[in-house]
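What follows is a set of notes on a single structure, which appears directly below.
The values are calculated or read from the model by the stated rules, or taken from the named source; none is laboratory data. The shown structure was predicted, so the numbers you read here are calculated from the model rather than taken from an experiment. Here the Cβ positions follow ideal geometry from the backbone for every residue, glycine too, while neighbour counts run over all protein chains shown. With ligands, DNA and RNA removed, areas are computed over all heavy atoms of the protein, side chains included. Shrake-Rupley method; radii C 1.70, N 1.55, O 1.52, S 1.80 Å.
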Amino acid sequence: MSASLLLCGLILLFLSACVAQPPSPKSVLGFTPSDDRTVADWNQIVDYFSKLDKVSDKVLVREIGKSTLGKPLIVAFISSAGNIKNLDKYRQISAKLADPRTVRDARELEDLIKNGKTIVSVSCSIHSTEIVASQMSMNLAYELATATDADTKEILDNTILLLIPSPNPDGVQIVADWYKKTLGTRSEGTPPPELYHHYAGHDNNRDWFMLNLKETQAVTKLFWQEWYPQLVYDVHQQGVNASRFIIPPFFDPPNPRVSPTILREVGLIGYKMAADLQAKGVEGVATNSTYDTWWHGGFRSAPYYHNSIGILSEAASANLMSPVTVRRDDLARSRNTRGLPNLLETATNYPDTWEGGLWRPSDINNIEMIASRALLQMAAKFRQRYLRNFYEFGKANLQADVNVPRAYVVIAGQPNAESVSRFLEILTWQGIEVQQMTHELWVKHSKTEDFHEIPLGSFLIFTNQPQKNNVLSLFEKQVYPNRLLPNGDAEAPYDVAGWTLPLQMGVETYEVWDIRDLAKFQSTLKPVANINQAREVLNLKPNAEPFAKMPNPLRFNPRIGLYKPFASSMDEGWTRLVLDNYQIPFTSLTNDDFRQNRLNVDTMILAADSETTVMNGLSAERYPAEFAGGIGEAGAENMRKFVENGGKLVCFDDSCGLVIKRFGLPIKNVVAGLRRNEFYNPGSIVKLQVDTKHPLGRGLLEEMPAYFSTSSAFDVSETPNMTTVARYAQKDSLMSGWMLGEKFINGKTALAEASYGKGKIVLFAFRPQHRGQSFATFPFIFNAISN
């Protein structure tokens with residue numbers, strides 16, 4: 001070799017060494033994510049991804065919005081360098097496959113499938129106390145950005161990964177700050193003494209058709225307005241004393257609006273994950289257990305109604321980022337009636353038991369990394385299959401089906417125009433097509449009845465659109481199967497049984513089975529391009545931004561106090577969201593406010609929290625004194641005096657028990673103590689009969705829906721001081737969902753008002769603000785606090 005060639009070689013070697021290499025998480029953080037007793041907070045996570053973005057041509061980080069508390073919500077696009085340079089090309093291909101009407105012919109279809117990439121999203125730690133996945137996201141990103149093996153190359157060439165380190169940035173910061181603050185103390189590993197989402201806490205994964213939260217809105221826009229992922233993986237953790245990992249296939253029942261092919265594909269990916277985990281010697285992996293595919297509103301379940309494959313995994317937890325020792329006896333006592341009755345006994349869906357021992361965050365990280373790689377391998381190897389199926393799902397939904405309505409109509413002239421506007425915005429934001437009627441139409445509301453005129457200004461939602469199953473699932477009434485255990489008890493579903501959106505929101509809609517002369521009037525239908533178009537039709541002022549605040553509905557603004565416990569209350573959080581969304585001023589009342597009698601308000605609200613939560617709060621053995629305890633005896637007595645001296649107390653569901661007991665009210669919860677073979681309602685819409693002449697019933701319908709979720713039903717001794725304002729219907733009270741033993745609530749009191757001293761107590765047997773979804777019953781709240 002000549003001296004000049006040697007010199008050139010050395011120069012090239014030197015220059016290549018000078019090229020910046022993607023930084024490892026440890027080089028940025030000072031530790032490897034998932035190491036014992038370490039945690040990267042959200043600021044550190046964003047910083048790491050920013051540094052990776054600057055150096056790697058395989059990673060592009062984009063901010064897709066702000067969190068509720070203003071933190072950046074980011075997604076990392078990870079693929080080959082060539083794919084990253086042409087992201088918009090692949091986004092457009094995915095968008096065309098999502099709507100088969102935009103594909104001209106078979107030739108174009110084959111071209112799209114040949115050239116497209118499988119769009120995959122992996123989302124981590126939406127529940128931020130399930131913290132490990134947010135840490136794992138950095139390890140996964142680094143591995144994909146630096147590995148040079150053939151398997152990784154195949155993944156990067158054939159897929160585009162949308163990696164979301166967490167769709168709950170505020171929560172990751174809250175949990176990380178609390179963990180760092182309490183490390184080495186008796187509080188190490190405990191959940192923080194506040195909701196880990198400002199409004200929703202754990203319920204932030206119950207918002208995926210309702211879109212109440214900024215984070216849900218941002219991710220929904222990313223998914224169903226822009227990228228249309230074929231695969232969505234939602235990474236979670238479960239309890240400590242559980243199987244080590246739960247993955248698909250899921251447990252029964254399936255929702256009939258989920259394509260059977262999607263269910264099969266979900267199972268196929270789950271079994272690939274399980275096989276890879278088994279090959280790595282991971283014990284305690286379960287399938288066909290616990291989690292079902294009935295309910296709509298979760299991160300991984302909403303994609304089913306968008307023709308996508310949704311995957312959920314649940315790893316056993318550590319104590320945040322602190323390792324735990326799990327005893328065999330603890331596992332022996334753990335029981336799961338949904339597919340996993342004995343953690344120490346092998347079964348077809350659980351062939352390799354875990355007998356206990358030390359369990360570290362790194363164990364969780366390793367499992368989640370293996371599962372993520374398995375998903376990406378499937379997405380890469382079967383790229384054309386996933387793209388073709390995605391197209392075919394949408395195409396099938398365009399076909400007429402005589403067994404479902406042709407459309408649904410939102411009738412013009414409803415009094416609750418703001419609720420109608422929000423309802424239409426929810427639909428259009430997630431990609432459902434809504435048509436504005438600019439001409440009267442004649443339609444049939446059933447197969448057998450005559451045609452009826454639908455007035456100008458109504459809105460039509462046709463079912464024959466790519467999201468047919470989403471339309472049907474949101475509009476139709478759910479009929480949950482009557483699933484009983486061998487002892488006759490109701491088998492609890494994973495989440496709720498019914499959620500029919502028009503009923504929850506109090507929006508008047510009708511089925512449309514036929515439209516007279518539709519071809520003639522098709523041109524008079526105008527697609528709703530944005531919510532302000534609909535608001536103009538509804539005679540409402542335009543909104544300055546999506547999901548804008550609602551007008552304050554109160555006749556006057558009293559001083560409102562909302563009890564906020566340190567024992568995190570999702571129901572309190574949803575109550576805050578409703579008050580904030582309607583621009584109703586309020587003050588949060590703390591335990592100390594009750595104890596010290598600083599109750600300087602006119603109206604006090606107790607959300608649906610149990611007597612134990614309100615009275616006792618967090619344990620002094622695990623939490624510092626500033627957070628421990630509840631309102632205590634002194635606080636309860638001060639609350640009683642507050643009402644006696646002229647204040648108003650408004651109680652939701654669970655908190656009524658405390659008030660009934662402490663105030664000696666002549667009320668009994670008739671479903672308390674009933675076994676599940678007698679009465680059970682896990683979350684359904686029920687019918688109320690309302691005294692609309694009473695101030696609390698002002699502006700409401702005589703018969704209307706309300707949400708019942710393991711709620712209450714009262715026997716009330718009618719006296720001059722006690723008034724029933726609303727009852728559960730005398731018969732046929734179930735409107736959507738599942739209820740066992742309906743007779744126990746028929747005709748019972750759902751809303752009562754009591755006079756006490758100079759004040760009043762309003763008792764809701766149900767939650768009138770359930771998850772911020774039950775718009776139909778919000779006016780009860782407004783009446784209660786302003787009358």
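Counting Cα-Cα pairs of segment 318-463 in 10 Å increments starting at 0 gives whole-percent bin shares of 8, 18, 19, 15, 19, 15, 5.
Solvent exposure of the chain amounts to 39 Å² per residue of accessible area, where only protein heavy atoms count and the probe is 1.4 Å. A dipole drawn for the chain from +1 and -1 charges on Cβ atoms has a positive end, and of Tyr680, Val172, Phe459 the residue lying farthest that way is Phe459.
The separation of segment 401-473 from segment 330-393, counted between C-alpha centres, amounts to 40 Å. Charge dipole (Cα centre; +1 on Lys/Arg Cβ, -1 on Asp/Glu Cβ; no other charges) of the chain amounts to roughly 640 debye. Note that segment 232-300 carries a Kirkwood radius of 12.9 Å, evaluated over its alpha carbons pair by pair.
Calculated [222 nm] ellipticity per residue, helices only, for the chain: -10000 deg cm²/dmol; basis is -39500 (n - 2.57) per DSSP H run with n ≥ 4, divided by all residues, nearest 500.
The Cα atoms of segment 597-675 cover 39, 38, 17 Å along the three principal axes, with the biggest extent listed first. Hull volume per residue, based on the alpha-carbon atoms of segment 303-404 and their convex hull, is 168 Å³.
In degrees, nearest 10, range 0 to 90: what is the angle between the Cα axis of helix 383-397 and the longest Cα principal axis of the chain? The angle comes out at about 30 degrees. For the pair Ala625 and Lys477, the difference between a 0.36 nm per residue extended length and the Cα-Cα distance amounts to 48.5 nm.
If you wrap segment 693-738 in the convex hull of its Cα atoms and look at it from every side, the mean projected area works out to 4.3 nm². For segment 696-787, the percent of C-alpha pairs falling in each 10 Å distance bin, counted from 0 to the bin holding the largest distance, reads 15, 50, 29, 5, 0.
Spatial offset of segment 632-698 relative to segment 493-571 amounts to 28 Å, using the alpha carbon center of each.
Would you please state the base-10 log of I(q)/I(0) at q = 0.20, 0.28 1/Å for segment 332-379, with intensities from the Debye formula using one equal scatterer on every alpha carbon? Ignoring solvent entirely, the Cα scatterers give -0.90, -0.99.
Annotation: extensible slack from Glu392 through Asn677 equals 98.3 nm (criterion: 0.36 nm per residue apart, minus Cα-Cα distance). The apolar share of the surface of segment 698-787, taken as the fraction of accessible area on carbon and sulfur atoms (1.4 Å probe, ligands and nucleic acids excluded), comes to 46 percent.
From the largest down, segment 142-258 spans 48, 41, 31 angstrom on the principal axes of its Cα atoms. Where in segment 274-289 is the amide nitrogen less than 19 Å from a point lying 7 Å along the Cα-to-Cβ axis of Asn342? Correct set: 284-289. Since only Cys656, Ala628, Thr613 are under comparison, the one whose Cα sits farthest along the positive direction of the charge dipole of segment 533-676, derived from C-beta charges on Lys, Arg, Asp and Glu, is Cys656.
Both radii were evaluated on the Cα set of segment 56-174; the Rg over Rh quotient, with Rh as the Kirkwood radius, amounts to 1.04.
Report note on the peptides 151-163, 476-488: ranked by the mean count of other C-beta atoms within 10 Å, highest first, their order is 151-163, 476-488. Dividing the C-alpha radius of gyration of segment 502-549 by 2.2 N^0.38 Å, with N its residue count, gives 1.51. Taking N as the residue count of segment 205-352, its C-alpha radius of gyration divided by 2.2 N^0.38 Å amounts to 1.11. Residue-normalised convex hull volume from the C-alpha trace of segment 184-233: 113 Å³ per residue. Magnitude of the charge dipole for segment 627-759, about its Cα centre and with charges confined to Cβ atoms of Lys, Arg (+1) and Asp, Glu (-1), is about 100 debye. Taken over the Cα atoms of segment 527-610, the convex hull encloses 129 Å³ per residue.
Using the Cα gyration tensor of segment 43-116, with a ≥ b ≥ c the square roots of its eigenvalues, what is the shape: rounded (a/c below 1.5), prolate (a/b larger than b/c) or oblate (neither)? Since a/c reaches 1.5 but b/c is at least a/b, the shape of segment 43-116 is classed as oblate. Compactness check for segment 623-765: Cα Rg over 2.2 N^0.38 Å is 1.13. Which lysines does Lys96 reach when only Cα atoms under 25 Å apart count, and residues fewer than 8 places away in its own chain are ignored? List returned: Lys58, Lys85, Lys114, Lys117, Lys221, Lys381, Lys395, Lys468, Lys526.
For the set Lys687/Lys743; Lys687/Lys731; Lys214/Lys477, the pairs lying more than 18 angstrom apart at their alpha carbons are Lys214/Lys477. Shape class for segment 378-428, computed from the alpha carbon gyration tensor (a ≥ b ≥ c): oblate, with a/c not under 1.5 and a/b at or below b/c. A viscosity of 1.567 mPa s and a temperature of 4 °C, combined with the Kirkwood radius over Cα pairs in Stokes-Einstein, give a translational diffusion coefficient for the chain of 46 µm²/s.
Each principal axis of segment 412-541 carries a Cα extent, and these read 58, 38, 29 Å when sorted largest first. Between the alpha-carbon centres of segment 733-778 and segment 165-236 there is a gap of 30 Å.
Paramagnetic label reach from Asp401 (point 7 Å along Cα→Cβ; backbone nitrogen cut-off under 16 Å): within segment 477-505, residues 477-479.
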